[in-house]
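The values are calculated or read from the model by the stated rules, or taken from the named source; none is laboratory data. Here the structure is a predicted model, which means the values were calculated and not measured. Cβ placement follows ideal geometry from the backbone for every residue including glycine, while neighbour counts extend to all protein chains displayed. Quick note on the areas: whole protein, heavy atoms, side chains included, nothing else; ligands and nucleic acids left out. Shrake-Rupley method; radii C 1.70, N 1.55, O 1.52, S 1.80 Å.
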Amino acid sequence: MQKNYDHKLYEEEIIKKWDESGAFKAKVGVAKKPYTIVLPPPNASGKMHTGNVLMIAIEDILIRWHRMKGETALWIPGTDHAGTETQITFERELKKQGKSRFNFNREDFYKEVWTFVQGNKLLVEAQIRRMGASVDWSRNKFTLDEDVVSLVCKTFEKLNNDGLVYRGDYMVNYCPNCGTTYADIEIDHIERTDPLYYIKYGPFVLATVRPETKFGDTAVAVNPADSRYKEWIGKEIEVEGLSGKFKLKVIGDEFVDPEFGTGVVKVTPAHDPNDYEMGKRHGLATIKVIGLNGKLTEVAGKYAGLSVFTARKQVVEDLMAKGLIEKVDEKYSHTVSVCKAGHDVEPTILPNWFIKIDSLRKPALDAVKEGKVKIYPKWRSLTYVRWMENMHDWAISRQNIWGIRIPAWYNSKANQDLMVSFINSQGAVVKGQISNLLKDYPLVDIKSGLQTLIAPAGANYEISIKEPGEDYLQETDTFDTWFSSGQWPLATLGYPDSEDFKYFYPTSVLETGWEILSKWVSRMMMLGIYLTGTPPFKDVYLHGIVRALDGRKMSKSLENIINPEEYIKEFGVDALRMGLVAGTANGKDFAFPRDRVIGYKKFANKLWNVARFIEPITPKPNSVDNEDDQKILDELNEVIKKVNLYLEKFRFAEVAELIYEFIWHRFADIYIERVKNRKEEAAGTLRHVLMNCLKLFHPFMPFVTEAIWQEIFPEQGMLVSQRWPE
RNA sequence: GGUCGCGUAGCGCAGCUGGUUAGCGCACCGCAUUCACAUUGCGGGGGUCACUGGUUCGAAUCCAGUCGCGACCACCA
């Protein structure tokens with residue numbers, strides 16, 4: 001053995017040995033207890049980040065521990081296609097080449113992204129392997145694998161048969177820049193200062209930040225208890241507008257805060273979530289002012305075709321000129337919705353696909369309330385309960401190409417008003433209503449060049465995995481990625497009738513970052529119970545988010561992103577994994593613990609040198625234990641007991657500290673120092689304690705422990721397959 | 001506005017269902033060193049556990065309130 005442990009000499013080689021041994025391949029059917037974890041699939045197009053490292057470290061600890069305990073431990077790896085994110089990344093690449101997604105038909109674009117993702121996917125998989133993750137690669141899955149797609153489509157079909165799918169106009173967060181809708185949880189709310197305009201509206205004055213939407217106003221609302229305006233409720237007012245006079249109804253609605261502005265609100269049901277709700281309550285018409293391209297529609301008269309911001313400027317100028325603006329509050333601070341790319345999101349009405357969640361939510365909520373599924377740390381389960389209680393129907397369609405296409409079909413003859421855009425045989429983009437397009441083009445051409453299709457809310461459709469007939473066009477929307485990843489535990493285990501599914505389902509632990517508790521965990525719960533009657537996991541362990549060294553969130557703009565690769569190179573995988581695991585104790589967010597990473601690199605070396613001390617000692621035959629020997633053995637047994645206890649409670653940091661303290665300070669500093677003059681006599685105890693320490697610490701620092709094991713106990717085979725000390 | 005969490009040594013934190021002199025890492029100070037390890041060893045300083053009140057034989061730990069900080073959810077045009 002060399003004087004110091006050099007991780008670079010061992011890590012790659014040990015991974016190869018583990019691979020060759022097949023130790024991570026789980027076999028079904030033996031009379032053993034199954035222990036299953038499904039790896040939350042990292043983005044196939046991204047790079048491994050520190051959060052992924054922590055996740056892998058924790059799950060690897062659990063899996064290696066249970067494997068050594070003699071259970072059939074299965075850890076299923078996989079990668080996620082990450083719909084919107086990947087598509088945006090790819091489109092950025094396209095832009096550099098002077099292209100956009102509008103240069104492609106749907107099918108070709110999909111193929112392009114597929115190719116783009118494949119390379120990255122391999123890199124991510126290599127990184128998972130590099131982390132020492134003891135996953136079963138023979139069961140590796142990608143969220144767009146054929147069997148996954150098939151399951152997801154079948155589930156959708158089943159939901160539809162159960163009457164849980166509907167299509168409807170719905171207020172969505174539409175980003176004209178990205179050309180897609182976002183779920184509520186995908187958008188951010190940021191503080192911003194915008195001018196608040198006080199506009200004369202017939203007999204009233206009302207405040208708004210969005211004067212350009214006034215063309216979509218279908219009422220004016222006041223609080224029913226507001227004595228100033230009470231008498232107006234139910235009456236019509238005449239308003240002097242930019243294109244002449246028009247009439248509006250006055251409604252009374254509790255939503256209106258008499259204290260804010262003038263206590264009068266213009267109601268624009270097509271472009272504001274609250275107004276939309278009010279519109280529903282009062283049966284108001286919805287008039288679309290902003291189109292899907294982010295520009296004003298024909299109803300805006302001369303402002304049609306202008307972008308929202310230009311239109312706003314124009315409208316304000318013209319209102320000023322007409323004397324219709326009473327005053328402007330330039331310092332009005334409010335929150336606006338933006339997408340992940342930072343664009344303003346337009347609340348817009350679009351036909352979308354929905355799932356009724358009432359019947360799905362109840363059992364998913366009860367499972368946690370009744371303790372059938374336990375969430376750690378416990379206080380996080382409150383977040384889950386609150387979220388589930390407030391959940392709305394789930395919009396599962398996305399106007400993305402990169403994803404699982406919704407298996408719904410529109411008959412082109414029965415639905416004359418489908419809006420279609422496609423690339424014709426000359427390579428030109430053609431848009432229009434299907435009934436008109438069919439006069440000039442055969443349906444086959446439209447089908448092969450299809451880009452997007454928007455069917456009105458009332459369109460006739462059929463849900464079918466296969467094309468129902470020649471006259472049909474398939475929906476161009478794809479599923480929300482959380483709809484497909486919500487079935488991940490089932491998809492990876494080959495639901496419904498594989499041997500894996502029967503043996504390994506439900507999985508043991510779902511381990512992930514708390515930030516996707518509502519996005520992902522809740523959906524897996526709902527869909528898992530819906531399909532199988534059983535929650536997809538018994539325990540949920542939520543780790544904290546790894547922040548930057550300064551304790552702030554990692555972000556590109558702050559330039560504080562920590563690249564795990566650098567740490568792996570300098571300190572080794574073991575040290576990085578261990579540092580992260582020991583740095584988080586109770587599921588709270590925490591700053592990247594650089595000090596600990598360094599500390600555990602030193603620890604790896606300490607352990608190495610303990611072994612190096614013990615290795616050359618030849619045991620004396622018939623040696624008897626003395627007091628020191630007995631003491632260290634007792635202490636070891638105490639540690640073993642505690643380690644098991646802590647691991648059962650997911651208290652990884654405590655285990656780390658405990659074993660670290662035991663090996664370094666009790667075993668090395670005290671015991672070894674004391675036996676130096678009777679080494680040969682103590683050899684048996686020395687080897688015994690070392691052996692058990694290696695086992696105990698193997699799940700945490702798999703490389704250095706395996707490396708030492710191979711040096712000292714090669715006759716025993718590999719450490720990965722050793723029996724856990726009980 | 002709603003919800004959750006945090007405030008313990010200079011810094012970063014642990015202390016789970018209350019129990020002897022409150023711990024860990026880093027930093028700091030002194031000493032040692034041909035020994036398995038300088039990626040080392042031995043020793044040391046440093047805290048009225050945010051504040052106020054309560055429960056208790058006993059509170060950093062439980063309860064109430066106050067102040068400060070953070071996160072998530074919602075959104076008043």
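Give me the net charge of A:ILE712's neighbourhood, meaning all other residues with Cβ under 12 Å from the Cβ of A:ILE712; Lys, Arg count +1, Asp, Glu -1. Spell out each step's value before the answer.
Details: positive: A:ARG612, A:ARG687; negative: A:GLU615, A:GLU706, A:GLU711, A:GLU715.
Net charge around A:ILE712: -2.
Dipole check for chain A: with +1 at the C-beta of Lys and Arg, -1 at the C-beta of Asp and Glu, and the Cα centre as origin, the magnitude is about 400 Debye. A simple charge model with +1 on the Cβ of Lys and Arg, -1 on the Cβ of Asp and Glu and nothing else charged puts the dipole of the stretch A:549-606 at about 180 debye relative to its Cα centre. A cut-off of 5 Å between modelled amide H atoms, ignoring neighbours fewer than 5 places along the same chain, links A:ALA585 with no other residue.
Solvent-accessible area of A:GLU231, all protein chains in place: 130 Å² (probe radius 1.4 Å, heavy atoms, ligands and nucleic acids excluded). To the nearest 10 degrees, how steep is helix A:83-96 against the longest Cα principal axis of chain A, on a 0 to 90 scale? Helix A:83-96 and the main axis of chain A meet at about 80 degrees. Number of Lys-Lys pairs in the stretch A:171-303 with C-alpha atoms under 13 Å apart and a separation of 8 or more places or on different chains: 11. The residue among A:TYR503, A:MET68, A:PHE309 whose Cα reaches farthest toward the positive pole of the charge dipole of chain A, with charges on the beta-carbon of Lys, Arg, Asp and Glu, is A:MET68. The Cα center of the stretch A:606-685 and the Cα center of the stretch A:568-599 differ in position by 24 Å.
Summing Cβ point charges (Lys, Arg +1; Asp, Glu -1) relative to the Cα centre of the stretch A:267-416 gives a dipole of roughly 700 debye. For the charge dipole of the stretch A:28-138, defined by +1 on Lys and Arg C-beta atoms and -1 on Asp and Glu C-beta atoms about the Cα centroid, which residue among A:VAL135, A:ILE88, A:PHE116 has the Cα displaced farthest towards the positive pole? Farthest towards the positive pole: A:VAL135.
Each peptide in A:701-714, A:199-212 gets a packing score, the mean of other Cβ atoms within 10 Å over its residues, and the list from highest to lowest is A:701-714, A:199-212.
For the pair the stretch A:86-120 and the stretch A:281-298, the centres of their Cα atoms are 31 angstrom apart. The residues of the stretch A:219-262 present an accessible area of 58 Å² per residue when probed at 1.4 Å with all protein chains retained. Mean residue ellipticity at 222 nm, helices only, chain A: -12000 deg cm²/dmol; runs of at least 4 DSSP H residues each add -39,500 (n - 2.57), and the sum is divided by the number of residues. With protein chains left intact and a 1.4 Å probe, residues in the stretch A:456-615 average 38 Å² of accessible area per residue.
How charged is the neighbourhood of A:MET388? Take every other residue with its Cβ under 10 Å from the Cβ of A:MET388, and add Lys/Arg as +1 and Asp/Glu as -1. Don't skip to the answer; put the middle values down first.
Working: positive: A:ARG361, A:LYS362, A:LYS369, A:ARG386; negative: A:ASP366, A:GLU389.
Residues near A:MET388 contribute +2 overall.
Loop-only check: which trypsin sites (Lys or Arg not before Pro) in the stretch A:282-383 are DSSP coil with at most 15 other Cβ within 10 angstrom? It would help to have the intermediate numbers written out before the result.
Values: sites: A:LYS288, A:LYS295, A:LYS302, A:ARG312, A:LYS313, A:LYS322, A:LYS327, A:LYS331, A:LYS340, A:LYS356, A:ARG361, A:LYS369, A:LYS372, A:LYS374, A:LYS378, A:ARG380; in loops: A:LYS288, A:LYS322, A:LYS340, A:LYS356, A:LYS372, A:LYS378.
The qualifying sites are A:LYS322, A:LYS340, A:LYS356, A:LYS372, A:LYS378.
Near A:PRO506, once Lys and Arg are set to +1 and Asp and Glu to -1 for all other residues with Cβ below 14 Å from its Cβ, the sum equals +3.
I want the antiparallel fraction of DSSP beta bridges within chain A, as a percent rounded to 5.
Working: 61 of 85 bridges.
Taking every DSSP beta bridge with both residues in chain A, the antiparallel ones total about 70 percent.
First compute the accessible area of the stretch A:266-359 with a 1.4 Å probe, then give the percent of it belonging to carbon and sulfur atoms.
On the way: 2300 of 4500 Å².
Using a 1.4 Å probe with all protein chains present, the stretch A:266-359 comes out at 51 percent carbon and sulfur.
Scanning residues 5 or more positions from A:THR79 or on other chains, those with amide H under 5 Å from its amide H are A:LYS141, A:PHE142, A:THR143, with H placed 1.01 Å from N in the peptide plane. Fully extending the segment from A:ALA31 to A:PHE309, taken as 0.36 nm per residue of separation minus the present Cα-Cα distance, adds 93.3 nm.
For chain A, the residue among A:PRO203, A:TYR170, A:THR79 whose Cα projects farthest onto the positive side of the dipole built from Cβ charges is A:THR79.
The length gained on full extension between A:GLU635 and A:LEU9, counted as 0.36 nm times the residue separation minus their Cα-Cα distance, comes to 222.1 nm. Of the heavy-atom accessible surface of the stretch A:370-428 (probe 1.4 angstrom), what whole percent is carbon and sulfur? That share works out to 54 percent. Share of the stretch A:42-97's accessible area from carbon and sulfur, percent, 1.4 Å? Percent of accessible area from carbon and sulfur atoms in the stretch A:42-97: 49.
Taking amide H as placed 1.01 Å from N in the peptide plane, the amide H of A:TYR541 sits under 5 Å from that of A:TYR376, A:LEU510, A:GLU511, A:THR512, each at least 5 places away or on another chain.
Rolling a 1.4 Å probe over the protein heavy atoms leaves A:TRP379 with an accessible area of roughly 120 Å². Computed from Cα atoms, the angle from the helix A:627-648 axis to the main principal axis of chain A rounds to 20 degrees. For chain A, the longest principal axis of the C-alpha atoms and the axis of helix A:358-369 are separated by about 30°. What is the distance in Å between the Cα centroid of the stretch A:364-420 and that of the stretch A:55-85? Going from one Cα centre to the other spans 25 Å.
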